[in-house]
Structures are given as C-alpha cells and as structure tokens.
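Structure, as structure tokens:
Derivation of every value follows stated rules applied to the coordinates shown; laboratory data play no part. This structure is a prediction, so every number in the text was calculated from the model and none was measured. Ideal geometry is used to build each Cβ from the backbone, glycine not excepted, and the neighbour counts take in all protein chains shown.
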Amino acid sequence: MNAIALEPGCRSAGLSFEEARRRVLALVAAPMPAESVAVGVCAGRVLAEPVLGMLDLPRFDQSAMDGYAVRAAEVVPGARLPVTGRTAAGEKPGILATGGAHRILTGAPLPLGADAVITQERAHLEGEAVMFAVAPPPGTNLRRRGEDMRAGQALVAEGTVLDWRHVAVLAAQGIDAVRVRGRPRVALLSSGRELRGAGEELAEGQIHDSNLPMLAALLAAWGADVRALPVAADSTQAMQAALGGAADSDAVVTTAGISVGDEDHVRDAVHALGGTLAVLRLAVKPGKPLAAGRLGRAVFLGLPGNPQAALAGAVGFLRPLLARLCDTAPPAPLRARADFRLSRKPGRTEFIPVRLTERAGVLWASRAGPEGSGRLAPMLHAHGLAMLTASLGELREGDLLDVHCFLPGGMT
C-alpha cells in the first residue's frame, strides 16, 4: 500500500494517469480467495490455479468418417473384401479380420488391426462384400488417441478469464468443478442533492441519476458482485451512514462529492469512519479529480460526477482494480486507426468516446459525438474510449489509437 498517496488531505496537481493507476492498484493487499464452482457456471470467472489434462483426447483411435475400416496394405483397387463386422460410436472396438473390411461410423473406436478408413462414398457395396476404387494410405480418415490433447498437458493457465471455449474443454475432460477467484464485492454509491432515482418525480433543479445504474451495469459485466447503496440525503452524516454498511466489501465506489465544494461530503465521511483517503488532481481529461484510499478492508475509489468523467474513471482505474483483485490482467486495448483529426495541448491523458468500424480489414475509430463530459448521447453510440497519451499534441487521420472497449468483443 502506498502510504504517501493515502495521507489524509494529500493533494497532487497534475498527477499522471500512469502514476495514479499505480497508486490505485497498490491498494490491493491480496487477491480474492479461491473457491470451487461448477464448470457449468464458471464462465466469466478468473481461474485460480492451472488446469491440466485429465484424459487423452480423443481417448482412443477412432474413425473421422462413416465408412469401412481396413488394413491399407490389403486393399487392392477393384477387388472385393468381405464385410466382417460393424462398430458404431459408443461401442467397444471390434477386431478386423484378415483380408476383410469392417463397417464403421463416425466417432467409433477403430477395430484392432485396422489402420485406415475409406469413406462410404468411395465404396461400392455388393451383398456382404465391398469394393474400393483406390487403396488408401495408412492413417486416412483417422483421429489418433491424444492428437488433440494429452493427459497431463497444461490446458488453461491460472489467471484466465473463463468463457465458453474453456467450458467446452473442461467438460470434455470430465472436470465438473474448477477453482476460481471469488467475485469482488463492490459497494456502489452516488451522491448529489439534485439526484433522484428512475421513476421518481423531479422537482425544479433535480435530475435522474445515471451514474449509479451505468456503473452497476458495467461492474456486473466486468465480473463484480454489485451492491447499490442509497444515500438518504446529501450530507456528511448521510454519506457516513451509507458508507458504514459498505466497509465489509472488497471495494467501495462513489461518484461525485470528492472535491472541496460545500456539498462534497465523501472525504469527511470516510475520515469519520476511520478510513484513509487521498484526493488526487490528475492530468486526465475528463476526470481531473480522483479519490483513492481504504475504508475498513475495502479499497475506496471516488469517481467524478459527470457521466463521461465517471466512465473514464471506471475504464481507466476501476476495471484494472477489479482485475488486480482477481489476480489477472485487464483486457488489452484494441488498436484502431483514427478516423478524425485533433489538435490539442500536450500534458494530459485524454479519453474520447469512439465508435469502431471495419473497412477493408482495417479497424477505424470515429468520434461518437461532440465533446462534453456531461453528455450521454456519445456514450450511446460508442464501443469504447480511445486513450490519447499525455505527450500527444497532433492526432492525424490514420494514426494508431488504443481503444479500451467497454465490453468483451469490442464492437458488440
């Protein structure tokens, strides 16, 4: 834990994005403990220990096609071979008689003595005998034992975010449960005298809260167990009461109320509960203020109140924080070419909502809407946030960009 970054009242003017993220991630003392879950519900979880192969796959030499199992050396084009047996998938392997052919179906074990399968489309059946136009080389239309996977082989590495592909492999190996990291429990609060929930009536000067449901949906998609906590009123006492029920979480996230205005109560509430909190002034656009610290056993992260600033903070800091809690790497950004130009003053890392399109095999990023951290419409059309480094001054059309996609799949 970075003690300097967590001294109460600590300020940092123009702290770089990279240094701020390092300080936030240093707050994680240890990853989430491991637990066993059934393979059928493990998708989206982070593997806590490597998975080794339990079985050879295929488990036995088998036919890849419907046809006839033969000894390749005994096949003479145009000569008749008696059909001496039949094996279907799920049956025990038969025995190929010398000088004969054995009827076999896809997935069935290869009969003893056979070394090739001729497809039924290349066979001519005459009563109890079969004739082939060509002689196959050994190994034709066979799946050999262990050619796909071997028992003892490393299959899935620790730290992997499991998905449907891993589920298929684990099930084929006969593995019914795996050890995964626990889901980080995140308490989510949104403050502001002007905020009301969806469905509530609005008085003059009031708005519906978009940050709380937006962040709750993102956190759930990123694998967290989210608990939204209401704040009864916009005061230090109300915030303290709400935060008091969040200290048993793994992370506590708030939006707004982290600056030094008359209505910003988060810092005082955290300190009143014995927590530590640093309000960092970042060289980041949008999202200049960021609060980071601890509240009980939980990592505390305070995001700005404007929707795009809260989103940038979630993508830039909260998502990597969840990954660190689960002992895995955050998703790598996509590389796309800029479909727009921008002149800017260097010195700040900047996040821009972008829409991704593919043209002639090249991924392009275009601005999803006009600039403004309070705007919601650009987020509606965006696939992710393009990150402009602090050193960049002139962005030209065609320049490569890192795009941090909101959800797996990028362009979904």
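Miscellaneous remarks
- Each label point was placed 7 Å from the Cα along the Cα-to-Cβ direction; for residue 196 and residue 237 their separation is 2.4 nm.
- Ordering 326, 42 by the number of other Cβ atoms within 10 Å of each residue's own Cβ, fewest first, gives 42, 326.
- From helices alone, the chain scores -4000 deg cm²/dmol at 222 nm; the rule is -39500 (n - 2.57) for each run of n ≥ 4 DSSP H residues, then divide by the residue total.
- If the segment from residue 26 to residue 120 were pulled out straight at 0.36 nm per residue, it would be longer than the present Cα-Cα gap by 27.4 nm.
- The residue among 390, 356, 343 whose Cα reaches farthest toward the positive pole of the charge dipole of the stretch 334-405, with charges on the beta-carbon of Lys, Arg, Asp and Glu, is 343.
- A full extension of the chain between residue 97 and residue 376 corresponds to an added length of 93.0 nm, given 0.36 nm per residue minus the alpha carbon distance.
- Global geometry of the stretch 334-405, whether rounded, prolate or oblate, following the gyration tensor of its Cα atoms and the 1.5 cut on a/c: oblate
- The trypsin sites (Lys or Arg not before Pro) of the stretch 307-379 that meet both conditions, a loop assignment by DSSP and at most 13 other Cβ atoms within 10 Å of the site Cβ, are 341, 344.
- Annotation: the stretch 62-143 has a Kirkwood hydrodynamic radius of 11.9 angstrom, from the mean reciprocal C-alpha pair distance.
- With the simple model of a label 7 Å out from the Cα in the direction of the Cβ, residue 281 to residue 52 spans 5.6 nm.
- Under the Debye formula (equal points on every Cα, no solvent term), log10 I(q)/I(0) of the chain at q = 0.10, 0.11, 0.12 Å⁻¹: -0.76, -0.85, -0.95
- DSSP beta bridges confined to the chain are antiparallel in about 70 percent of cases.
- Residue exposure proxy: 63, 249, 366, 36, ordered by other Cβ atoms within 10 angstrom of their Cβ from fewest to most, comes out as 36, 366, 249, 63.
- Cα gyration tensor category, rounded, prolate or oblate, for the stretch 160-309 with a/c compared to 1.5: prolate
- Placing a label point 7 Å from the Cα of residue 41 along the Cα-to-Cβ direction, the residues of the stretch 139-182 whose backbone N falls under 13 Å from that point are 177-178.
- Taking amide H atoms as placed 1.01 Å from N in the peptide plane, the amide H of residue 177 lies under 5 Å from those of 39, each 5 or more residues away in sequence or on another chain.
- Database remark: amide H of residue 85 closer than 5 angstrom to the amide H of 103 (H placed geometrically; neighbours at sequence offset of 5 or more, or on other chains; Pro and chain starts carry no H).
- Ordered by the count of other Cβ atoms within 10 Å of each Cβ, fewest first, 404, 102 give 404, 102.
- Sites residue 273 and residue 227 - FRET efficiency at Förster radius 22 Å, r taken between beta-carbons, to 0.05: 0.80
- Extension gain, residue 106-residue 34: 0.36 nm per intervening residue step, less the Cα-Cα distance, totals 21.9 nm.
- For residue 185, the residues whose amide H sits under 5 Å from its own are 225, 250, 251, ignoring neighbours fewer than 5 places away on the same chain, with H placed 1.01 Å from N.
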